[in-house]
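Data block below; observations after.
The values are calculated or read from the model by the stated rules, or taken from the named source; none is laboratory data. Keep in mind it's a predicted model, so treat the numbers as computed, not measured. Cβ placement follows ideal geometry from the backbone for every residue including glycine, while neighbour counts extend to all protein chains displayed. SASA here: full protein model, heavy atoms, side chains in, ligands and nucleic acids out. Shrake-Rupley method; radii C 1.70, N 1.55, O 1.52, S 1.80 Å.
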Amino acid sequence: MPNYVILLYLIVFVYLLNIPFGYWRTDTKRFSIQWILAIHLPVPLIFILRLLAGVDIIWMPVLVTSFFLGQFTGGKIKKYMRKIGLQPVSSCLFMDVIHLLMRSFC
């Protein structure tokens, strides 16, 4: 029986980790190198953290769901920014947020 607090932290971490990657993936051509990287770069880190946390493989469907929800959320954030008129400058969520903050304060 796993420690459910650790499992919950891992699920939230996987979700939050994938938001910037989903944001990046939104503007890439499907099946291009960038698209593949945006999907697969977080996988080794998630795999290592799952092993270190001692989370059993039986919980993998939950982690995969969290993974895809993070990717989906990142894409929706970018589409929403465009919808409200905030034109993203790059494919990087963090840089676009910093750019928007700088534009707001300057």
Do you know which of the residues in the range 13-28 that are part of a helix (DSSP H, G or I) and among the β-branched types (V, I, T) is nearest to the chain's Cα centre (by Cα)? I19
Only one of (1) of a type outside the set (K, R); (2) without any contact (Cβ under 8 Å) to a residue 60 or more places away in the chain; (3) under 20 Å from Y23 (Cα atoms) is not met by S104, so which one is it? (3)
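Out of Y4, Y23, Y15, which single residue is open to solvent by 80 Å² or more (accessible area, probe 1.4 Å), of a type in the set (F, W, Y) and out of contact with any His (no Cβ under 6 Å at 6 or more places or on another chain)? Give the steps one after another, and end with the answer.
Details: Y23 fails: open to solvent by 80 Å² or more (accessible area, probe 1.4 Å); Y15 fails: open to solvent by 80 Å² or more (accessible area, probe 1.4 Å).
After applying the criteria, what remains is Y4.
Where residues in the range 68-106 are in a loop (DSSP other than H, G, I, E, B) and open to solvent by 60 Å² or more (accessible area, probe 1.4 Å), which of them is modelled with the highest pLDDT? Before you say what the answer is, go through the steps one by one.
Here is the first cut: in the range 68-106, the residues in a loop (DSSP other than H, G, I, E, B) are 84-92, 106.
From the residues that got through so far, the ones that are open to solvent by 60 Å² or more (accessible area, probe 1.4 Å) too are 84, 87, 89, 106.
On the way: I84: 85, Q87: 79, V89: 75, C106: 73.
Only one residue fits best here, namely I84.
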Residue pairs, Cβ under 6 Å, 6 or more apart or interchain, first in the range 52-81 and under 30 Å from D96 (Cα atoms), second of a type in the set (V, I, T) and in a helix (DSSP H, G or I). List them. L63/V14; S66/I11; S66/V14; F67/V14; G70/I19; T73/I19; G74/I19
Identify, by number, the condition in (1) in a helix (DSSP H, G or I); (2) loosely packed, with under 15 Cβ neighbours inside 10 Å; (3) free of Cβ contacts under 8 Å to residues at least 12 places away in the same chain that L45 doesn't meet. (3)
Among the residues of the range 29-38, is any in a helix (DSSP H, G or I), touching a Leu at 6+ places or on another chain (Cβ under 8 Å), open to solvent by 40 Å² or more (accessible area, probe 1.4 Å) and not aliphatic (A, V, I, L, M)? no
Against the definition (hydrophobic (A, V, I, L, M, F, W, C), buried (at least 17 other Cβ atoms within 10 Å of the Cβ) and either touching a Pro at 6+ places or on another chain (Cβ under 6 Å) or part of a loop (DSSP other than H, G, I, E, B) (or both)), how does L10 come out, yes or no? no
